[in-house]
1. Ratio to report: Rg/Rh of the stretch 395-475, with Cα atoms as the point set and Rh obtained by the Kirkwood method; give two decimals.
2. Putting +1 on Lys and Arg Cβ atoms and -1 on Asp and Glu Cβ atoms, find which of Leu444, Ala235, Gln64 reaches farthest to the positive end of the dipole of the chain.
3. What value in Å³ per residue do you get for the convex hull of the alpha-carbon atoms in the stretch 209-252?
4. Kirkwood hydrodynamic radius for the stretch 147-269: how many Å is it when counted over pairs of different Cα atoms?
5. Can you tell me the orientation of helix 390-411 relative to the chain, as the angle in degrees between its alpha-carbon axis and the longest Cα principal axis, to the nearest 10?
6. Computed from the coordinates I sent, mean projected area of the Cα convex hull in nm² equals one of (1) 23.8; (2) 34.7; (3) 27.5. Tell me the label.
7. Expressed in nm², what is the orientationally averaged projection area of the convex hull enclosing the Cα positions of the stretch 324-474?
8. For the stretch 45-62 and the stretch 77-147, what is the separation of their Cα centres, given in Å?
Amino acid sequence: MFIRRAFFLFCIPLILMGFASAHAQATDERLAQFEQIIQDEMAYYNIPGTAVAIIEGDEVIYAQGFGYRNVEDQLPFTTETRFRVGSTTKSMTSLLIAQLVDDGLLAWDTPVTDILPDFALSDSELTAQITVADLMGMATGLVSNTFDAFDWWEWEIDSLLDAVATQTINGEFRASHNYNNEVYALAGYVGAVASGLEPTLASYQSLMQTRLFDPIGMESAIIADDHSQLGDNYAEPYEPDVLSEAGAVSRMIDAPIALVAPAGGVWVNIEDMAKYVITQMNGGVTPDGARIVSAENLAVTWAPGASLGLEDVPGYEDARYAMGWVLNTYRGIPMRQHNGGWSGYTTQMTIFPDNHTAILVFSNSSLGGQLNDTLAFTFAELWNGLDLQAAAQRRAEFAPLIAQLDQVRELAESTIDADTAAPLVGAYQAGWSVEYRDDSTLWLTNGVWAFRLVYFPVLGQYLVVNNGALGATVDFNTINEPTSLVINVGGTEAYTLEKVE
């Protein structure tokens, strides 16, 4: 009996070693297959540079950079390349607020007016109802003005409060989701004031550094708009050059996010971003084993809120917004995720709670969202033994856009004669100007922003072809005095400006 038992116990480690070996081999095979998919899809969407990290449990099992962070100088995109992660910053802001709730400095249901007395909306009753949690749930009913983003670079806290105060109200409070960067950013300044600081960008930066970046070990993390603060290894943003041959890219302007940083201002490399995601997956415990937020209050930031209304989008089941997180199910697989996008920087952060895995993707292209989604959903399929559908489905969805880009290349009149441009050139309201340059090109500018206009005869309009605004149209009225222009974004918003000189 003793001999048989000893033999049995001796076999257990061998059996476990066999399982581990088989699992490791299967993982390696899937990673090799996935890496080929990364390269194939990068080529299809013509993405200059990408970084991908895969997490399993507490371990980063894969991290790799591809392509170029800087196309002009052929500098490689690595896992140490700093990247502007855009709206994935939102989950960091909600974690910060959860820490402050732990410390008793505020509560989830604290009215915003208790902390920011100057917070006021067009509806006084709604003003009094909105709580700290509501800011990050983005179901306040407040609708962001797209054109406010062109002024972020010069805002202080009063400008942010004024912008929110004038936003239209549409939808049922706490039931209708309206994505709103300005409202979300206010949460960062609520946190600053609750901590005894002034509601400034510097205060928010300080809180993030001491409460998140340092404890988690995110040494590369920084909130900045000045590229000179980023060191030598950071990504530049790109977009398709629709006035050149297919496949060409052009550099985009990385316009300042400035005071709206709590909604999207963090730069970090993918290695340190993985440490942050592991902390989220561990319920608030860093990779080094330190608890920085209670599991209870961190879980509040994951609680499903208003529906995103994506019932007709293939692959999304009951998608709901939390606080800096989107909760949805893809082909039966629960996901907790958020993307980010700003001026050619696109990010995807996806956690799969059921099997304790996650994927991160950074891509420095305005088309990177297509790649990032493809990789996140393909990873879900591959790691759950499903047939691979995501890549083909997204290529099919993207095909019409390729046709539109080709049409722009074929039909757009990229240069404009001086006589045609003359009545259009000048200063317009709200700091906008129309410029005619020495190379016979027409530009619409505002501060740090510069949009190239080309004439599109099929539409009888001017078309914006750069800096992330491709598809926006501009109509000029030179018959009536003063001359005016109308900017149309996606056919849903119009912005009219009169010439002032």
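1. Radius of gyration over Kirkwood radius for the stretch 395-475 works out to 1.01.
2. Of the options given, the answer is Gln64.
3. Dividing the Cα hull volume of the stretch 209-252 by its residue count gives 112 Å³.
4. Hydrodynamic radius (Kirkwood, Cα only) of the stretch 147-269 equals 16.7 Å.
5. The helix 390-411 is inclined about 20 degrees to the chain.
6. (3)
7. 11.5 nm²
8. 29 Å
Just so you know, all these numbers are worked out from the coordinates, no wet-lab data involved. Please read all numbers here as calculations on a predicted model, not as lab measurements. Using ideal geometry, Cβ is built from the backbone for each residue, glycine included, and neighbour counts are taken over all protein chains shown.
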